[in-house]
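First the structure, in the form of C-alpha cells, and then the observations on it.
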Amino acid sequence: MKHQVITDLSTPDMVERLKEEQERLTKMKLSHAISPLENPQSIKEQRRTIARLKTELRRRELEAK
C-alpha cells in the first residue's frame with residue numbers, strides 16, 4: 001500500500017484497515033508455517049504496510065494535540 005493511499009484514508013477507515021492487515025499477516029504467518037508460501041516476501045511487505053498505517057495514525061494523533 002502506497003503512502004498516498006494511506007494519507008487519503010480517514011482515521012476510522014485507517015484503524016479498520018489496520019485491523020484487517022494485522023489479521024491478514026497472522027493468517028499468512030500460520031499458512032507459511034504449515035506449507036511455504038509461493039512468495040514469502042509478501043510477509044515482509046505486509047509488515048511494512050502495517051508499520052506505515054501505524055506511523056500515519058501516530059502522526060495524526062500528535063497533530064491533534
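The values are calculated or read from the model by the stated rules, or taken from the named source; none is laboratory data. Values in this document were obtained by computation on a predicted structure and should not be read as measured data.
Checking the condition assigned to a helix (DSSP H, G or I) and under 12 Å from the mean Cα position of the chain (by Cα), which residue from Thr26, Thr7 passes?
Numbers: Thr7 fails: under 12 Å from the mean Cα position of the chain (by Cα).
After ruling out the rest, the residue left standing is Thr26.
Determine if the range 49-59 includes at least one residue that is at pLDDT 95 or above, assigned to a helix (DSSP H, G or I) and hydroxyl-bearing (Ser, Thr, Tyr). Lay out the reasoning, then the answer.
First pass over the range 49-59, keeping only residues at pLDDT 95 or above: 49-59.
Filter once more, keeping what is assigned to a helix (DSSP H, G or I): 49-59.
Of the ones still in play, those that are also hydroxyl-bearing (Ser, Thr, Tyr) are 49, 55.
Scanning the range 49-59, I find at least one residue that is at pLDDT 95 or above, assigned to a helix (DSSP H, G or I) and hydroxyl-bearing (Ser, Thr, Tyr), so the answer is yes.
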